[in-house]
1. Can you find, within segment 209-243, the residue that is nearest to Ser23 (Cα to Cα) among those that are aliphatic (A, V, I, L, M) and open to solvent by less than 30 Å² (accessible area, probe 1.4 Å)?
2. Cβ-Cβ distance below 8 Å, separation of 6 or more or different chains: which pairs start in segment 97-113 with a residue that is modelled with pLDDT of 95 or more and end on one that is among the small types (Gly, Ala, Ser)?
3. Read through the list (1) over 18 Å from Gln403 (Cβ atoms); (2) in contact with a helix residue (DSSP H, G or I) (Cβ under 9 Å, 6 or more places away or on another chain), then give the number of the only condition that Glu276 fails.
4. Does any residue in segment 191-205 that is part of a strand (DSSP E or B) come within less than 7 Å, Cβ to Cβ, of a residue that is among the charged types (D, E, K, R) and open to solvent by 40 Å² or more (accessible area, probe 1.4 Å) six or more places away or on a different chain, and which pairs are these?
5. Please state which of the following conditions Ile139 fails to meet, knowing it meets all the rest: (1) farther than 19 Å from Ala7 by Cα; (2) open to solvent by less than 30 Å² (accessible area, probe 1.4 Å).
6. For segment 186-203, how many residues are of a type in the set (Gly, Ala, Ser) and surrounded by 14 or more Cβ atoms within 10 Å (Cβ to Cβ)?
7. Picking from Leu183, Leu149, Leu168, which residue would you name as being open to solvent by less than 20 Å² (accessible area, probe 1.4 Å) and closer than 21 Å to Gln235 by Cβ?
8. Anything in segment 302-313 that is farther than 13 Å from Arg340 by Cα and surrounded by 17 or more Cβ atoms within 10 Å (Cβ to Cβ)? List them, or say none.
Amino acid sequence: MNAEIIAVGDEVVKGYTINTNASYIAKQLQTIGIIPDYHTAVRDQAAAIKEAINTAIVRSKYIIVTGGLGPTKDDLTKEAVCEALGLPLCIRVNVLEEIKAYYKEMNQIMPSINEKQAAFPEEAYILKNNYGTAPGCIIEYNEAIIILLPGPPYEMQPMLENEVIPYLKQKRAFYNETLDIKLFGLGESEVATQLQGMLGEFEWGSIATYVGEYEIIVRINIQSGNLEKAKEQLQQKKKEVEERLGSFIIGYNKDRLEEIIVRFLLKNKKTIATVESCTGGLLAGTLINCGGVSSCFNEGIVTYSNTAKMKYVDVKEATLQSVGAVSYQTAREMAEGIRRCSGADIGLSTTGIAGPDGGTPEKPVGLVYIGIATEAKTDVYELHLKGSRRTIREKTVKNILFQLYKLFK
């Protein structure tokens, strides 16, 4: 079953706003076996919107439109779509009352301009907006299902997950089971080589690889008329991937590496502390983003200068003079120093050259050392990273968390 995603908005077409909605919607649809074939963006013009809808109806079963549901005169999506379908709009009294109630909760009176947001075709199924004034709707038109959603992601995403996806599930004649397996430490071509014979489209579904921000995702999608059979086959394929790539797996679906680590620390009553140079607090911030981390994170220090490295974590002056701040030995002394000074069970350290300048032939931009000190031992890893300053810093954090994760496995 195919789908088309249409973004409405001058700001999207002109490049002022990145269309993150399309990516989010596409991923959610695939979890229930609906595959997007087209992504379209059109301006806030009635003619352009009607043309996009007329084109989509011919080629797509599911049409999801975002944006243009606001109260202003340039919010034309609903009016243009219904004109293209030949469906008249009328004020839905219950919807109007809900919009008024939204304003009342904020101790405001609803402006009259917002009344247009309560106008829908009689045939439309209304999607409640708990985070704004623009309700969405679902219109079943001949063989197509047309879904109108607000543009702001914080309004669109909960509406999609809580109302649209359950609605579409009821329309399916089959069951769909999906699993994302996240990998780190391998490129996409290496993953494809390891999964040779498993990737592709099959009668029962598909297995494909996708490039995430810093990880590779293996997505397993099983379709069956029998729910138990779909679940059983999903577990079978998951096991096959784990047998081939188990040492590189860092989580499933919405798992985040840092959250897995924090859960391990909490479960095993372990504490952690960080000392950073090139990452400048990014490692500590990544861990602190996790709920419950206050029970296991002792402290984080940024020691950007050599003086700070000596002052706060006891890096030896002789070490810095002989091998420099970006070195195996400095990373080791930093990790051991933060563990000792903070009283934590685990000490993490980062030191390197993030660029864009500061590199030398002996120590080029992208050379990074990361250290992990525990009671049993201290491990130091040498990394050679590519990319912008920001990318190198982010990759450094991912790499040290991955090495720590491997120690836990």
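The values are calculated or read from the model by the stated rules, or taken from the named source; none is laboratory data. Nothing here was measured: the structure is a model prediction, and the numbers come from that model. Positions of Cβ are generated from backbone atoms using ideal geometry, with glycine treated the same way; all protein chains shown enter the neighbour counts. Accessible surface areas use protein heavy atoms only, side chains included; no ligands, DNA or RNA. Shrake-Rupley method; radii C 1.70, N 1.55, O 1.52, S 1.80 Å.
1. Ile217
2. From segment 97-113, the pairs are Ile99/Ala118.
3. Among (1) over 18 Å from Gln403 (Cβ atoms); (2) in contact with a helix residue (DSSP H, G or I) (Cβ under 9 Å, 6 or more places away or on another chain), Glu276 violates only (1).
4. none
5. Of the numbered conditions (1) farther than 19 Å from Ala7 by Cα; (2) open to solvent by less than 30 Å² (accessible area, probe 1.4 Å), the odd one out for Ile139 is (1).
6. 1
7. Every option except Leu183 fails the conditions.
8. Val302, Thr303, Asn306, Lys309, Met310
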